[in-house]
Amino acid sequence: MAKKFFFAFIIANIFLVVTLTSAQNPFENETEIFSNAADAEKIYLQLSGTTFNNSETIWFKAIVTDVFDHKPTTKSSVLHVELIDPLDNRIVDKNLLKISGGLSSGFFQLYSSYTEGKYIIRAYTEWNKNFGSDFISSVPIQIYQLQKVDGESDPIQDIVFAKDLNSSTFSLSSNIAIKELDTLHTGDAMLYMNWKGGRDSILLKSKSLKSKINIKHSVPIETPIVSYRLHTKNEVFTKSVVLNDEYGSLQFFPEGGSLIGGLQSVMGFKFLDYKGKGTEIEGTIVDGNGVHVADFKSNILGMGKVTFIPESEQTYYGILRTKSGTTFKYKLPAVREKGQVLSLIQKDSIKELRIWNKEKNQDSLFVKFFSRGKNLFLIKARFGNGMFSYKITPKNLPQGVIGLTVFDKFYRPIAERHFFNEKNEENLSISVEMDRDWYSRRDSAQVAIITKFKNHPVSASVSVMAVDSSFFCTTNLERKNIISYFLLQSDIKGEVENPSYYFESNKNLSELDYLMLTQGWTNYKYRENKKPRLFNAQKGLEVTGTVTNFQKVSKRDESNKNRYELNMLVMGEPMKAYVQETDSLGRFKFTLGESYGLGRNFVIQPTEVSNKIDDLKININKYKSPEISYEIEKLIVPIDSIAETIMTKKIREDIRLDPILSSNTIALNEVVVSDYKITPERANMVELHGIPDVVIENDELVSKQEKWTNKLYRWLLFNYPEDIRVKRFGNGQGFELAYVHSADWTYVVIDGIPVHEEDYRLIGTIPVRTVKSAEIIRNTATANRYHSQVFNCYPICPPPPFPAILAIYTYSGQGLNGAFPKIKRTNLINDTAPQYSVTREYYSPEYHEPSKIDWSVPDRRTLLYWKPDILTNSNGEAKTTFFNGDISGKMMLIVEGFTSSGHLGYSELSYEIDKP
């Protein structure tokens, strides 16, 4: 039975409880849980950074909890994490992770094939698909191309724009120089243009691909930014153009919802510049006659509040003047003649709610308090001479965002307010100590962690990240942490700019009320009432589908016509068999055991009894990711100039100290090969490494295939023994590695994507029929560019001195994962079952013996340590150790934690590494 929420009745000499008969009381039947999203899951993502080059690894941790009390989730056991290119509307890479005790962790390895630009990392559970995009956690990141820092081409040139006041548009003209971006381009190209509220695409025909193509276009005059995105056969280039850097939006939000003539009103305001970011402003409020009424000034995030007494039937405007002298005028909300004004006043630790009624009466009112979709309590009272007051005690409310709604005597909502309830004593206390305040290069650092709750030791799950403070803080401008996410961001729609700012000091925390005035009550996540659930929580790995019978069934058999028994055999070690009967609708679900990899082949077919029906068809449900939908205006904002400068400087310095990272491009006109066709898929590899020494096309692969050579390495061993040697590791379920003769290591690159060392065991089993071509490249000068993407030990372990490359191109074009075919046919299904993504531990070098350190190999890590899953013991204690690198200056240790009871903690500690 649904639980009724608590009614608190205030009885005082001016507040008399009455029974109303003029309308039915809707609160009598309201349940404690009213919101559709009250039983959703919150998903917090912590990344190792938000700015990367395309040879680095993105490390991440995810914490999944219940919405209300932040206890580790017991609903879902599977987490989906995806790397998304939002402008191309595609998933670039994805992880399927096990949730254990509310925690998951993983990584994305970036590759040279990734284009430069903005990406999104998003995380969700199947259960959270019931609640829309508000409960899909998304973090934007920026990826730079390591190969394009020096001498990057700009194919979008000579951009000219002008205002056309007659048609209220900007007219744009630009020249597109395709060959400056992609010298190997042939055929048509596409130019995509995006701006706030619109987009367009232009086909650049191959016949018109001369030196430069002039493009003319127009966009609405209020457009602040236009983004160009040029797609050629082998390259993608993105460029944002600012049309109006003085563009901004200023919004006013009356406290409680309305301005009432003759009553003093508090009004929050928020200004966003052309980048959609808050900027410090000051201005004035004037009435319709231009008479000055009040002045206002914001904080550094463009928010603040102003107090004045509006007059009925008067119109008011906010006036801003830019540095160039341009004046902007913004209309305030209309003034109502009658109504109520709400104000929340902070007095020390107590908040006082005051409500004034324009009519000096003693009407009844109701005030309902709620948090995260759950009703807390209801106050029933009367106005006293048109005024109501109530003191709010923080200890009686949960920590975080609290909402209140005021209802009149007819139960109609008349005002609403959100506020932040501070209860720091509810946070997990994390103490962090290091064995020293300063270190020399490559010294070991010992860290001691103590977790407590209300001064008592408590076991907690904590993560430790050590970073170069200067690089991390200047390239991660929108900083958040576990506290700011769970207590603030996760309860408010849209972007909360620089959320950790509010928790840095008590002064900043007081400014959080500006956010509540401007963004809280309009963007609260828990407004939607309960709806039916369409998606079930995933408890583990599973294969689902349906069985369809195409035969006609007589009416007497209809009740069981779609019940069939199925056999399922999952390949691998160990091989597993399952038997299951479908439900009456022909649906089935096989729950699989825990396993890790790129997927396991399986077959499903009806049992002998069910297989007597010839017209059965088994359909496997393919997993559907949520729609990719993000606000264009936030994606096309130009990169922060400081972050870009810092990142570019770092890449140049890394390449200077480690030339292996630098691209060694070979000019194609220096090589003459008559029978090697440079397809778009091969173009990038040819530019990087030159023409291959051995090329094996699919025709040869198929024609020479035997029963015992239907796997790639077996085929190469029997047909190209003078070029390839194959070595087997382990017995029984062991695996094979292939080496090009004369090379001490062979990098395997499939469809332009280098294979990580932990996945090499899978390459030898690739079916020959899925391979378009296999090619050997003995170019030792460029092969080690993959060193950082393949080996966990990079950058400490040296690259192999004599490497080679085995380049494999598949028909799927999707790298190793796409090299294994999926086959469907009636009565027998051969497909791939999901597996959890392979986990990888962050490689932390060890310098225990200084005499054995190879100082010629640079250690320029800006991420010094990443450990997402440390557990403190029953005394709240844990220790860990890592080694510093070669970068000197200020370093920062970031420790976050949570307990099984939902208490959250955050701590930072700085230390120094001396210059050599």
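Of the strands (runs of 3 or more DSSP E) entirely within the range 1-76, those holding at least 2 residues that are modelled with pLDDT of 70 or more occupy 41-47, 51-53, 57-66. When restricted to residues that are assigned to a strand (DSSP E or B), more than 23 Å from ASN536 (Cα to Cα) and touching a Gly at 6+ places or on another chain (Cβ under 9 Å), the range 576-601 contains 3. Among residues of the range 77-91 being part of a strand (DSSP E or B) and open to solvent by 10 Å² or more (accessible area, probe 1.4 Å), the one that is farthest from MET465 (Cα to Cα) is ARG90. Scanning the range 464-482 for residues that are over 13 Å from LYS42 (Cα atoms) and assigned to a helix (DSSP H, G or I) gives SER469, SER470, PHE471, PHE472, CYS473, THR474, THR475.
Checked against the criterion of being crowded, with 22+ Cβ neighbours inside 10 Å, under 14 Å from the mean Cα position of the chain (by Cα) and more than 30 Å from ARG785 (Cβ to Cβ), the range 102-124 contains one or more residues that satisfy it.
Quick one: is ILE449 among the hydrophobic types (A, V, I, L, M, F, W, C), at pLDDT 95 or above, crowded, with 17+ Cβ neighbours inside 10 Å and in a strand (DSSP E or B)? It is true that ILE449 is among the hydrophobic types (A, V, I, L, M, F, W, C), at pLDDT 95 or above, crowded, with 17+ Cβ neighbours inside 10 Å and in a strand (DSSP E or B). Per this entry, ARG417 is not counted among residues that are among the basic types (Lys, Arg), crowded, with 18+ Cβ neighbours inside 10 Å, under 26 Å from ASN884 (Cβ atoms) and at pLDDT below 95.
Okay, residues lined up against (1) loosely packed, with under 12 Cβ neighbours inside 10 Å; (2) touching a Gly at 6+ places or on another chain (Cβ under 6 Å):
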position	(1), (2)
TYR316	no, no
ARG321	no, no
TYR330	no, yes
VAL335	no, yes
ASP348	yes, no
ILE355	no, no
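Does ASN875 satisfy the condition of being polar (S, T, N, Q), over 28 Å from the mean Cα position of the chain (by Cα), assigned by the TED database to the domain that holds ASP435 and over 21 Å from GLY49 (Cα atoms)? Criteria met by ASN875. Only one of the numbered conditions (1) more than 30 Å from ALA833 (Cβ to Cβ); (2) of a type outside the set (Val, Ile, Thr); (3) surrounded by fewer than 16 Cβ atoms within 10 Å (Cβ to Cβ); (4) in contact (Cβ under 8 Å) with a residue 60 or more places away in the chain is violated by GLU758, and that is (1). Would you check if LEU79 is touching a Ser or Thr at 6+ places or on another chain (Cβ under 8 Å) and closer than 30 Å to TRP195 by Cβ? Considered against the rule, which asks whether it is touching a Ser or Thr at 6+ places or on another chain (Cβ under 8 Å) and closer than 30 Å to TRP195 by Cβ, LEU79 comes out as no. Here THR522 clears all of (1) modelled with pLDDT under 90; (2) assigned to a helix (DSSP H, G or I); (3) of a type in the set (S, T, N, Q) except the condition numbered (2). Being at positive phi, buried (at least 18 other Cβ atoms within 10 Å of the Cβ) and over 31 Å from the mean Cα position of the chain (by Cα) is true of ARG442.
Taking the range 193-217 as the region of interest, how many residues are under 14 Å from SER174 (Cα atoms) and open to solvent by 60 Å² or more (accessible area, probe 1.4 Å)? Residues in the range 193-217 being under 14 Å from SER174 (Cα atoms) and open to solvent by 60 Å² or more (accessible area, probe 1.4 Å): 4 in total. If you go through the range 689-715 and keep only what is farther than 16 Å from THR810 by Cα and either in contact with a strand residue (DSSP E or B) (Cβ under 6 Å, 6 or more places away or on another chain) or open to solvent by less than 30 Å² (accessible area, probe 1.4 Å) (or both), you end up with HIS689, GLY690, PRO692, ASP693, VAL694, THR709.
Among the residues making up the range 761-801, those that are part of a helix (DSSP H, G or I), open to solvent by 10 Å² or more (accessible area, probe 1.4 Å) and closer than 26 Å to LYS704 by Cβ are ARG761, LEU762, ARG769, THR770. Taking helices (runs of 4 or more DSSP H) as the structural unit, those lying wholly within the range 680-731 and holding at least 1 residues that are of a type in the set (Asp, Glu) and over 28 Å from ARG785 (Cβ atoms) correspond to 698-703.
If you check GLY304, GLY283 for being within 24 Å of GLU478 (Cβ to Cβ) and either of a type in the set (S, T, N, Q) or assigned by the TED database to the domain that holds ASN357 (or both), only one passes: GLY304.
One line per residue, one yes/no per condition, for (1) open to solvent by less than 30 Å² (accessible area, probe 1.4 Å); (2) at pLDDT below 90; (3) of a type outside the set (D, E, K, R):
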position: VAL462; (1), (2), (3): yes, no, yes
position: ALA466; (1), (2), (3): yes, no, yes
position: CYS473; (1), (2), (3): no, no, yes
position: ASN481; (1), (2), (3): yes, no, yes
position: GLN489; (1), (2), (3): no, no, yes
position: PHE503; (1), (2), (3): no, no, yes
position: ASN506; (1), (2), (3): no, yes, yes
position: LYS530; (1), (2), (3): no, yes, no
position: ARG533; (1), (2), (3): no, yes, no
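Where strands (runs of 3 or more DSSP E) fall entirely within the range 161-212, none has at least 1 residues that are in the same structural domain as ASP88 (by the TED database) and either of a type in the set (A, V, I, L, M) or at pLDDT below 80 (or both). Taking (1) under 13 Å from the mean Cα position of the chain (by Cα); (2) at pLDDT below 95 in turn, HIS80 satisfies each apart from (2). Any chance the range 661-677 includes a residue that's outside the structural domain of ASP859 (by the TED database), modelled with pLDDT of 80 or more and more than 30 Å from GLU573 (Cα to Cα)? There is no residue in the range 661-677 that is outside the structural domain of ASP859 (by the TED database), modelled with pLDDT of 80 or more and more than 30 Å from GLU573 (Cα to Cα). Residue pairs whose Cβ atoms lie under 6 Å apart, sitting 6 or more positions apart in sequence or on different chains, and linking a residue in the range 225-243 that is over 20 Å from SER171 (Cα atoms) and among the aromatic types (Phe, Trp, Tyr) to a partner that is at pLDDT 85 or above and part of a strand (DSSP E or B), are PHE237/LEU230. Condition first: touching a strand residue (DSSP E or B) at 6+ places or on another chain (Cβ under 6 Å), under 15 Å from SER249 (Cα atoms) and part of a loop (DSSP other than H, G, I, E, B). Can you find one or more residues in the range 299-318 that meet it? Checked the range 299-318: at least one residue is touching a strand residue (DSSP E or B) at 6+ places or on another chain (Cβ under 6 Å), under 15 Å from SER249 (Cα atoms) and part of a loop (DSSP other than H, G, I, E, B). Inspection of the range 847-857 finds no residue satisfying the criterion of being open to solvent by less than 10 Å² (accessible area, probe 1.4 Å), out of contact with any His (no Cβ under 9 Å at 6 or more places or on another chain) and in contact (Cβ under 8 Å) with a residue 60 or more places away in the chain.
The residue that is farthest from LYS61 (Cα to Cα), counting only those in the range 467-505 that are in contact with a strand residue (DSSP E or B) (Cβ under 8 Å, 6 or more places away or on another chain) and small (Gly, Ala, Ser), is SER470.
The values are calculated or read from the model by the stated rules, or taken from the named source; none is laboratory data. Predicted model only: the values in this text are computed from it and were never measured. No Cβ is skipped: glycine too gets one built from the backbone with ideal geometry, and neighbour counts run over all protein chains shown. Protein only, heavy atoms only, side chains kept; ligands, DNA and RNA dropped before computing areas. Shrake-Rupley method; radii C 1.70, N 1.55, O 1.52, S 1.80 Å.
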